[in-house]
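Below is one structure, written out as structure tokens; the observations come after it.
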Amino acid sequence: MSELLYLIVLFPLIGFLVNGLLGRWLTERQSGLVASLTVAGSFLISAWLLLGLLTLPEQTRRLTQTLFTWIPVGELQVHVTYVLDPLSAVMVLVITGVGLLIHIYSIGYMRGDPGVRRYFAYLNLFMFMMLNLVLSDNLVVLFLGWEGVGLCSYLLIGFWFSDESKARAGMKAFIVNRIGDAAFIIAMIMLFDRFGTLSMGDIAWLAPGVSGDTQLLTTITMLLFIGAVGKSAQVPLYVWLPDAMAGPTPVSALIHAATMVTAGVYLIARNAALFSLAPVTMATIAIVGVITALFAATIAVTQNDIKKVLAYSTISQLGYMFMALGTGAFGAAVFHLMTHAFFKALLFLGAGSVIHGMGDEQDMRKMGNLRHSMPITFGVMLVGVLAISGIPGLSGFFSKDEILWAAFEHGGGVNLIYLAGLLTAGLTAFYMSRMLFLTFFGQSRWADGKQPHEAPSVMTVPLIILAFLAIAGGYLGVPEALGGHNLLHHFLSPVLSATAAGGHMANEAVEMLLMLISVGVAGSGIYLAFRIYIDKPETAVTLQEKFPLLHRLSANKFYVDELYRAIIIRPFEMVSELFWKGLDVKIIDAAVNGAGRALSNIGGAVRMIQTGRLQHYASMLLLGVAFILIMIMAS
Amino acid sequence: MTSILFYMFASLLIGSSLFVVLNRNPIYSVVMLVFAFANLAALYFLLEAYFIGILQILVYAGAIMVLFLFVVMLLNVGPDRARPQWAAMDRWWFGGMVGVVGLTLLALVTRGMGPLRSSAADIDDGFGEIAPLATDLFSRYLLPFETAALLLTVALIGTVFLAKRRI
Amino acid sequence: MVVPIHHVIAIAAILFTIGVMGVLFRRNAIIVFMSVEIMLNAVNLAFVGFSRFHGNIDGQIFVFFIMTLAAAEVAVGLAIIISLFRNLSTTDISEINRLKY
Amino acid sequence: MIPFYIGATLVKVLVVFSATLLMIMAMTLAERRVSAFMQYRLGPNRVGWGGILQPVADGLKFILKEDIIPDKADRPIYLMAPVITMVPALMTMAVIPFGAPLQVGEYMVPLQIADLNIGLLYILALTSVGVYGIVLAGWGSGSKYPLLGGLRSSAQLISYELAMGLSLIGVIMITGGLTFGEIVAYQQETGWNIWKQPLAALIFLIAIFAETNRLPFDMTEAEQELVGGYHTEYSSFKFAMFFMSEYANMITASAFMVSLFFGGWDVPFVDEAALGNLGVGLSVLAFLAKVGFFLFLYIWVRWTFPRFRYDQLMRLGWKVLLPLALANVFLTGLYLVWKA
């Protein structure tokens, strides 16, 4: 059975090759079909393999397939080995499942775009790389996928590259990611140096042996974490993600919400064994996660661009996941990763549907009262908002509460992390409701002549399926406190370390209380939004005037981009300019040009020898001969 | 006797060669060069290189110099119209060059081979005739020999190509 | 044969120098070319001389090949001179200076 | 011993030289008489008995005529050319054996000035040098017809020299020697070469006709086209020299033909050595008779065949004779390999 593993990866590659090489001979519809079918193939095979996996005994749920040795250099033997264990199975299913829906959705969304074949080629390449990332056992192959998804992200953000700001956004994503990648590479080198292998399975197995060397483990895990920070858009490397919204909306949904940005979460969860041994790193992860979650949430409150709201929401939710990771609740993080993939993809695609229906309008101030024009979209968006807000019965409720519970338990009671998480939850409910209200309720503020319309069924059907998933996804992890069995946790527990399964041993009464509190917080967030944006729309303006500083800070994203520009980019530019004008132009260029000019001058002098007179040439020849003869005589 | 002949032919050779170089009329130069080569052939005979000597006449006098004569006649190149107007630099340059080369060569000759030796190596009967040459040419030097044939063919084609107005 | 080899080679050297002189001093391409032939023949003489004085036939074989070469060279060279003359109406090599910078 | 050989050689040189001159004189007469005979007329028959002193009269006339040197002529060349033509023509006779070795006292004197060990090449070398006379005469006259004649001639000579040389190679291959002595001796033992190398003989025959500028190959002096050819501007004794060298060339060419293909001085079915000096005399006579036949053939052909056109001549030389000569070499080689 495990020999089918490579097919999961192969199918999108075929799709990429077909679309990329033969795209010009395909119609738009065929292109989308090829792309979707290959992903569907991957999805079906992973589903089939998952069923197979479930039939195995709990502790041996691990399918491996070694395809070939990619880099055999001395001790460094990089095998292309694919591993399907519970963790990667969940990831693969989320990726292929959500990916499939988004592929189908894209057929409708991208209709009529001249670059649609290129789009599907990139999308398939992304799927190939992402699956490599999550299936690989080897860090190098994982890194290949890691870089590959970065590349695809860059290509897709800058998909409409003729718009310079979009091309710039792509480059920004690429460059910011590089910072994390550098750390990742160093971490790999250190790992190889210490363990002599880059197979994550082996490392996990060997890790306890070096548990004494805390400093090394902390360094390695910190570096890996920096890599994850870059990829998963955590503070301080989150700045690329909002700009990444320049790409087509399905791309935002797939790459910048559901899959790629969760790669950092996956990386840490995958190396849970290693991270568990580095408490300092774990604490750092938790703090970074909390800061990110809260920080992004506060920015999201004042954004007017519907996709920007979602983008900051994504950052915030990723911060949530890191918070869970930092508290050792790997399972909770993966659970939230999954549910988040469902509802955030749903929200993005819904937003895409709105944008589509509004004729490429993204500013929420120019929307309003759309619930009649696009009822299906409204319905699914409602589900998404409720899910992310943590309303009981929907998936977000379960996963978020698990994280909060983990934070509570980790801190041994009420603590800062828990409180920040709670605050974030409230803010999340507030801004998501705000988005919903601004978009679908109130007065219509769109320009005259616009005819908002419902999206075609090729777009709405995936939305409905995702809405269903956004509701149902949470039931995989119903906590025991609510009489559930927390299926996902049990499924994941063989892979993640013992602490990951935490939660079910807790005091059920306290857990129930905490749930009530979080529901209350979420509810009040929604109510507040209702009060401000529907009941008394003028309050928003009043608030703005009352707290101008706060509003400006939030609306301008706390001037982080400007800050970066001032403290990193500007000095860098200045140094670069110094090097350019001082070193490059005056010394290096001058040396090169001078060498050229000198040669030219020497040539000018020497060419006088070239008189065009045969005899002069002959005499030169003779001079050489005479010289040789004299040398012979002299010797 | 032979040495007297040798020096006689040698001086004729050098004299006529000088004439070739110094004379300003190309036709005379050609004729004198033929004469020089005839003298050279005589030297070859005296050096007991009979085949080479006859080849010298056959190839140089019979073929090569006829071509020269032909070209001179065809182009109807008269005597150089004026004395060559050399720049002073050229004169010194070339003169110095010739001097250096000539002196170096002579120095090499006199210095490199030790004291005067008049005794030549003992040679078999028929040395310098066709048979030993042919034996070597068709055994040890077969490949160069065939290559030379190829070279001639190439030269033939090249000549036709170069000299013909329209191919 | 009582002529010392030095004299044979000296004659060859003188002949060679005469050829060099011709190549360097003369402006008529044909004469220059003939001077080249003189140089070749000077070498031939040296070869034949050495061949005789070492009693080794190889020198003469070399001369044989040089003659072959000379024949080929003259044919091509004269053809070149003819086509030069056809294009430039001169055989004065100081006027044939198209290779000049 | 050495003085005797030198003396004998000197005598032989004198004999051969004067004999050649005599034959030239005889040829001039014969040509005119034979041509007259062929055209049913008498020809010169007043000077001496039956006109036999006519050549002497001609010679006197040539010597006494005014020696004109054209104004535009290049004097040194103009004067040198007849000499250059004449000398090789006479020099070639040196290697021809004209009779069986003569017994003088205790010495055997070969009737041949010099049996050079590269005899055949010597001929080729000298004939090729003969070209210069014609070319330089044409150039030195400073006149356009002689120049054309000279150019034509040199091209013709060079072209036919190839075929001639290649046809000789067959003979050399079967004989295994380059000297005339060896070739004649070989023919004495095994029969004339004409039977073994008929193709070579034919090619050689045609080639010597071309080499001597005789009809049908007398492009160089075609009166209708070139007003006499390379010697148009020559008069008096210098003209006589061209004339004589032409006949001398004919004689030597005939002598080669005889020596190479018709047994030289060999008298068929007679053992010359057994007859002593009588045999020598017989052999000399036989040689002269054979040469005489070929000289007659020259005249015969001259008054029988029309002249070739120039392009036909070149085509014959390059496209017919040369390939045939090569084929002959090849076939001979095959034969020798087969025999070995």
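The values are calculated or read from the model by the stated rules, or taken from the named source; none is laboratory data. All of these numbers come straight from a predicted model, not from anything done at the bench. Reconstructed Cβ throughout: ideal geometry from the backbone, glycine too, with neighbour counts over all protein chains shown. Please note that ligands, DNA and RNA were not included when accessible areas were found on the heavy atoms of the full protein model with its side chains. Shrake-Rupley method; radii C 1.70, N 1.55, O 1.52, S 1.80 Å.
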Expected sort for A:394-407, A:606-619 on mean C-beta neighbours within 10 Å, highest first, is A:394-407, A:606-619
Within 10 Å of the Cβ of an average residue in A:609-621, the count of other chain Cβ atoms is 6
Using alpha-carbon positions, the gyration tensor of the range A:579-635 gives root eigenvalues a ≥ b ≥ c; with a/c under 1.5 called rounded, otherwise prolate if a/b exceeds b/c, else oblate, the class is oblate
Long-range share for the range D:277-340, i.e. C-alpha pairs more than 16 Å apart as a percent of all pairs, stands at 71 percent
Here, D:Met108 and C:Glu95, labelled 7 Å along Cα→Cβ, have an inter-label distance in nm of 6.6 nm
Over all pairs of different Cα atoms in the range C:5-100, the reciprocal of the mean inverse distance gives a Kirkwood radius in Å of 14.6 Å
Computed curve, the range A:347-497, Cα-only Debye sum without solvent term, log₁₀ I(q)/I(0) at 0.10 Å⁻¹, is -0.45
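Per residue, how much accessible surface does the protein assembly as shown expose to a 1.4 Å probe? Answer in Å², no decimals. Walk me through the intermediate numbers first.
Working: 53000 Å² over 1243 residues.
Averaged over the residues of the protein assembly as shown, the accessible area is 43 Å².
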Taking protein heavy atoms only, a 1.4 Å probe, and rounding to whole percent, the accessible area of the range A:521-593 owed to carbon and sulfur comes out at 69 percent
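Write down the Å³ per residue value for the convex hull defined by the alpha carbon atoms of the protein assembly as shown.
Working: hull volume 382.0 nm³, N = 1243.
In the protein assembly as shown, the Cα convex hull volume per residue is 307 Å³.
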Probe 1.4 Å, protein heavy atoms only: C and B together bury a total accessible area in Å², to the nearest 100, of 7000 Å²
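Give me the compactness ratio for the range B:1-79, meaning the Cα radius of gyration over 2.2 N^0.38 Å. Let's see the in-between values first.
Working: Rg = 13.5 Å, N = 79, 2.2 N^0.38 = 11.6 Å.
Normalised by 2.2 N^0.38 Å, the Cα Rg of the range B:1-79 equals 1.16.
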For the range D:64-127, shape from the Cα gyration tensor axes a ≥ b ≥ c, cut at a/c of 1.5 then a/b versus b/c, turns out prolate
Between the modelled labels at A:Ala590 and D:Lys61 (7 Å from Cα along Cα→Cβ) the distance in nm is 9.9 nm
Rounded to the nearest 100 Å², the accessible area hidden between B and D, summed over both chains at a 1.4 Å probe radius, is 2000 Å²
Taking the square root of 5λ for each eigenvalue of the C-alpha gyration tensor of the range A:525-572, the equivalent ellipsoid has semi-axes, largest first and in whole angstrom, of 33, 11, 6
FRET efficiency for A:His485 and A:Leu54 from the Cβ-Cβ distance with R0 = 22 Å, rounded to 0.05, comes out at 0.90
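Averaged across B:142-151, how many Cβ atoms of other chains sit within 10 Å of each residue's Cβ atom?
On the way: counts 0, 0, 5, 4, 0, 2, 8, 1, 1, 6.
Per residue, the average neighbour count from other chains is 3.
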Straight-line reach check, D:Lys319, cutoff 25 Å on alpha carbons, 8 or more apart in-chain or any other chain, hits among lysines -> B:Lys164, D:Lys196
Tilt, helix A:508-530 to longest principal axis of chain A (alpha-carbon atoms), in degrees rounded to tens, equals 80 degrees
Taking protein heavy atoms only, a 1.4 Å probe, and rounding to whole percent, the accessible area of chain D owed to carbon and sulfur comes out at 72 percent
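Can you give the Kirkwood hydrodynamic radius for chain D, in Å, rounded to one decimal and based on Cα pairs? Intermediate values should be presented prior to the final figure.
On the way: mean 1/r = 0.0476 Å⁻¹.
Hydrodynamic radius (Kirkwood, Cα pairs) of chain D is 21.0 Å.
Just order B:7-20, A:101-114, C:11-24 by mean Cβ neighbour count inside 10 Å, highest at the front, would you?
On the way: B:7-20: 19.5, A:101-114: 21.5, C:11-24: 24.5.
Output ranking for B:7-20, A:101-114, C:11-24: C:11-24, A:101-114, B:7-20.
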Per the helix-only model, chain A has a calculated mean residue ellipticity at 222 nm (DSSP H runs of ≥4, -39500 (n - 2.57) each, divided over all residues, rounded to the nearest 500) of -22500 deg cm²/dmol
1/(1 + (r/R0)^6) with r = Cβ-Cβ of D:Ile194 and B:Arg24, R0 = 60 Å, i.e. FRET efficiency to nearest 0.05, evaluates to 0.70
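Between B:Ala134 and D:Phe37, what is the FRET efficiency for a Förster distance of 51 Å, r being their Cβ-Cβ separation, to the nearest 0.05? Mind showing how you got there, number by number?
Working: r = 49 Å, r/R0 = 0.96.
About 0.55, to the nearest 0.05.
Ratio of alpha-carbon Rg to the 2.2 N^0.38 Å globular estimate for the range A:241-352, to two decimals, please.
On the way: Rg = 13.9 Å, N = 112, 2.2 N^0.38 = 13.2 Å.
Cα-based Rg divided by the globular estimate yields 1.05.
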Rg (one decimal) and Dmax (whole number) from the Cα set of chain A, in Å, equal 28.9, 112
Candidate cut points under trypsin sites (Lys or Arg not before Pro) in the range C:56-100, DSSP loop plus at most 15 other Cβ atoms within 10 Å of their own Cβ, are C:Arg98, C:Lys100
For the pair A:Leu17 and A:Asn304, the simple spin-label estimate (label points 7 Å beyond Cα toward Cβ) gives in nm 5.0 nm
